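The values are calculated or read from the model by the stated rules, or taken from the named source; none is laboratory data. On a predicted model such as this, the values are computed, not experimentally measured, just so you know. Cβ placement follows ideal geometry from the backbone for every residue including glycine, while neighbour counts extend to all protein chains displayed. With ligands, DNA and RNA removed, areas are computed over all heavy atoms of the protein, side chains included. Shrake-Rupley method; radii C 1.70, N 1.55, O 1.52, S 1.80 Å.
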There are 2 protein chains.
Amino acid sequence: MPSKSHFRWGILGPGSIAKQFARGLSASLEAELRAVAGRSLARSEAFAAEFKIPKTYASADELLADPEIDAVYIATPHPFHLPLVLSACAAKKAVLCEKPLTPNAQGTLQAVAAAKQHGVFLMEALWTRFLPAIVQALAWISDGRIGEPRLLEASFGFRMGWEPESRLLAPELAGGSLLDVGIYPLALAAWVFGTEPTALKAVGHVGLTGVDEQAALVLSYPRGELAVVNSAVRTNTRHVATIYGTEGSVTLREPWWKATEVTLSANGTEETLKFEFRANGYEYEADEVQRSVRAGKLESALVPHATSIALARMLDSAREQLGVKYPFEA
Amino acid sequence: MPSKSHFRWGILGPGSIAKQFARGLSASLEAELRAVAGRSLARSEAFAAEFKIPKTYASADELLADPEIDAVYIATPHPFHLPLVLSACAAKKAVLCEKPLTPNAQGTLQAVAAAKQHGVFLMEALWTRFLPAIVQALAWISDGRIGEPRLLEASFGFRMGWEPESRLLAPELAGGSLLDVGIYPLALAAWVFGTEPTALKAVGHVGLTGVDEQAALVLSYPRGELAVVNSAVRTNTRHVATIYGTEGSVTLREPWWKATEVTLSANGTEETLKFEFRANGYEYEADEVQRSVRAGKLESALVPHATSIALARMLDSAREQLGVKYPFEA
């Protein structure tokens, strides 16, 4: 447990998403970015120089052995999350791990079991949940401002070029749209309707490399609520999310997954609230980790283990329906 | 075949949708609205007075026996379409029948067989296909302006009150969202991606009366194209339809199913075209019937029998997945 005023972070996997996180962390007065490690020492050193990080380690194990690290942020490609989560838990570090926590439910259960076994905090980096606009949207909904929420539409698709060597298209790196961006609208649906859909049906396009280049899912929930979500890595879509209720709707403006603007339409009027990030939006998930760890919690109340397990099962089901199996899966 | 300059219409089922059609017809110089018949003579007479229709018949059979009628427009509740289509075909009248042509594929096949047997024109009233904005959208797509079309999103949901006696909620009148409005986005997907999806998966909420109050469908097509559509009679949704391609997108502005505004986004620029209806949009399907019949055709090139059969099969599949069966179905 961090005893000092600064909460000391280490980064494992200094890639592009880690840069975003480091920028977010800079907006936290409480946070100190203390160390970094990755597969390439040169890359780690460049990262450390860019973000003025005092320590660069040659390996994750060395970083995890540093007693002056309170928490690690894991930002490697997906299949490398689990071994690092297990090591970090064993080293008694709090863990914030990029989404998906692991590529499938089996791995996610292992990650959660390790955190429980070692008594350390573990959270999947579903940063969107902590953005002020999303918090506002969910508050309007739970306050009944749109009546009963009935239907959710959300899309997150982007178009990359045909780069078959990219991690996004590589089955051995758990590529595909579902795990990379489909998890965002699935998570939003879970926050609105809960984590136990009564049905999940998926279609998709599995491309030449064997991963889903686009996917579309429909889900139903116990009271007949429906969610319609889609994801793509080879098609640009409009990144809007709307929750329709019996008495109105809430719309997260483009791009909804890093929303700063949210509109409530009800009773014939519209109210739009705009928010500014302190940094780039990643600071709010860092706040959550710091707050939770300092409070002695082992999981986030807003992104608990159960949500990560449920999402992993949904993604498993969707991939199974599409026929996408990764080579490292039995 | 109509030999005079005027194309003479009879209306069967003078309800609210027939009023829309009559208003549309008023914008056709070629058309003459000559007769009306329905179950209630008083209602037919009031309708005739409102639209200055010279003849009111006490029954459909009497109207169909009038040699001075070239075509009939059938606008009764769904389950009454088929018997009227069969009678109209036997009476050698061209037929424009409200959608869904019949409540299921079995009925639709019967309707088409009757039209072929009697050598008369038959078209399902998928009026949206003929709207200038839709024609423009499909032209941009077939001209390659958005590259390959990859993903379609379309929604058509409205909220009626809890009126269990309404035809929309009555299983004996083939109620539910799919047949009433779900057919619109399904038809749009057919116009963009074709009528042979490789998969169609549906979820929905079946309410107390036994019909789908809302439904969400995902479809995939032979080249991996996806469609995501939803419909509702108990939830208001945003009536926007977008087709995303590899190089851009086309958006039909709200309400897309009677669109007057369409936007092409491609190459970093946006082009929006606005159209004005001559009347209310229904005139374009009347034009299609008149043009096709005068040309001696037995079906529309744009809304052929095959499309109606395919859509009926899709709706059957969706209802089967939701467990919605009408009492008149075996």
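Take the Kirkwood radius over Cα pairs of the stretch B:95-218, plug it into Stokes-Einstein at 25 °C and 0.890 mPa s, and you get 149 µm²/s for translational diffusion.
Against the empirical 2.2 N^0.38 Å (N residues), the stretch A:136-282 has a Cα radius of gyration ratio of 1.11.
Close amide H pairs (under 5 Å, H built 1.01 Å from N) link A:I11 with A:A35, A:V36, A:A37, A:Y73, residues at least 5 positions away or on another chain.
What does the net charge come to around A:D61 if you take all other residues with beta carbon closer than 15 Å to its beta carbon, with K and R at +1 and D and E at -1? Counting the neighbours of A:D61, the net charge comes to +2.
Rg/Rh for the protein assembly as shown stands at 1.07; both radii use Cα atoms, and Rh follows the Kirkwood definition. Residue-wise HN-Hα couplings along the stretch B:159-164, as the Karplus relation 6.51 cos²θ - 1.76 cosθ + 1.60 with θ = phi - 60° gives them from phi, are 10, 9, x, 7, 10, x Hz; Gly and Pro carry x. Note on A:201-207: average number of Cβ atoms from other chains within 10 Å of each residue's Cβ is 6.
Computed in the context of the full set of protein chains, the accessible area of chain A at 1.4 Å probe radius has 51% of its extent on carbon or sulfur.
Of interest is the spacing of the C-alpha centroids, which for the stretch B:3-25 and the stretch A:40-113 amounts to 71 Å. Once the Kirkwood radius over Cα pairs is known for chain B, the Stokes-Einstein relation at 10 °C and 1.306 mPa s delivers a diffusion coefficient of 79 µm²/s. Pairs exceeding 28 Å between alpha-carbon atoms, taken from A:K201/B:K258; B:K52/B:K116; A:K201/B:K19; B:K52/B:K99; A:K116/A:K274: A:K201/B:K258; B:K52/B:K116; A:K201/B:K19; A:K116/A:K274. The share of alpha-carbon pairs in the stretch B:248-303 lying farther apart than 19 Å comes to 49%.
For the rotation carrying B onto A, the chain B residue whose Cβ lies nearest the axis, with the distance in whole Å, reads B:K201, 2. Distances between copies at A:L29, taken between label points 7 Å from Cα along the C-beta direction, are 7.7 nm in increasing order. In the stretch B:138-161, which residues have a backbone nitrogen under 20 Å from the label point lying 7 Å from B:T260's Cα in the Cα-to-Cβ direction? Backbone N within reach: B:138. Dimensions of the stretch B:157-222 from C-alpha coordinates, computed as largest minus smallest value along each principal axis and given longest first, are 41, 20, 18 Å.
Taken along its three principal axes, the alpha carbon spread of the stretch A:200-296 comes to 44, 40, 30 Å, from the longest extent down to the shortest.
Within the same chain, aspartates and glutamates fewer than 8 places from B:K297 are excluded, and of the rest, those with a Cα less than 16 Å from its Cα are B:D70, B:E124, B:E285, B:D287, B:E288. Label-point distances for B:N267 to the equivalent site in the other copies, using a point 7 angstrom along Cα→C-beta, read 4.9 nm when ranked shortest first. Taking the label point 7 Å along Cα→Cβ, B:P83 and its counterparts in the other copies are spaced 7.3 nm apart, in ascending order.
Computed from Cα positions, the angle between helix B:81-90 and the longest principal axis of chain B comes to roughly 50 degrees. With bins 5 Å wide beginning at 0, the percent of Cα pairs of the stretch B:45-102 falling in each bin runs 4, 19, 27, 25, 18, 6.
Helix content alone sets the calculated 222 nm mean residue ellipticity of chain A: runs of n ≥ 4 DSSP H residues at -39500 (n - 2.57) each, divided across all residues, give -9500 deg cm²/dmol.
Cα axis of helix A:132-142 to longest principal axis of chain A: angle in degrees, 0 to 90, nearest 10? Taking Cα atoms only, the helix is inclined about 40 degrees. Compared with the dominant Cα axis of chain B, that is its longest principal axis, helix B:41-50 is turned about 70°. Fraction of C-alpha pairs exceeding 29 angstrom in the stretch B:32-188: 31 percent, rounded to a whole number.
Spatial offset of the stretch A:251-330 relative to the stretch A:167-215 amounts to 14 Å, using the alpha carbon center of each. Rg and Dmax over the alpha-carbon atoms of the stretch A:59-148 stand at 16.0, 53 Å. Over all directions, the projected convex hull of the C-alpha atoms in the stretch B:12-114 averages 6.0 nm² in area. Contact order, relative form, for the stretch B:196-330: 19 percent (alpha carbon pairs under 8 Å, 6 or more residues apart, mean separation divided by residue count).
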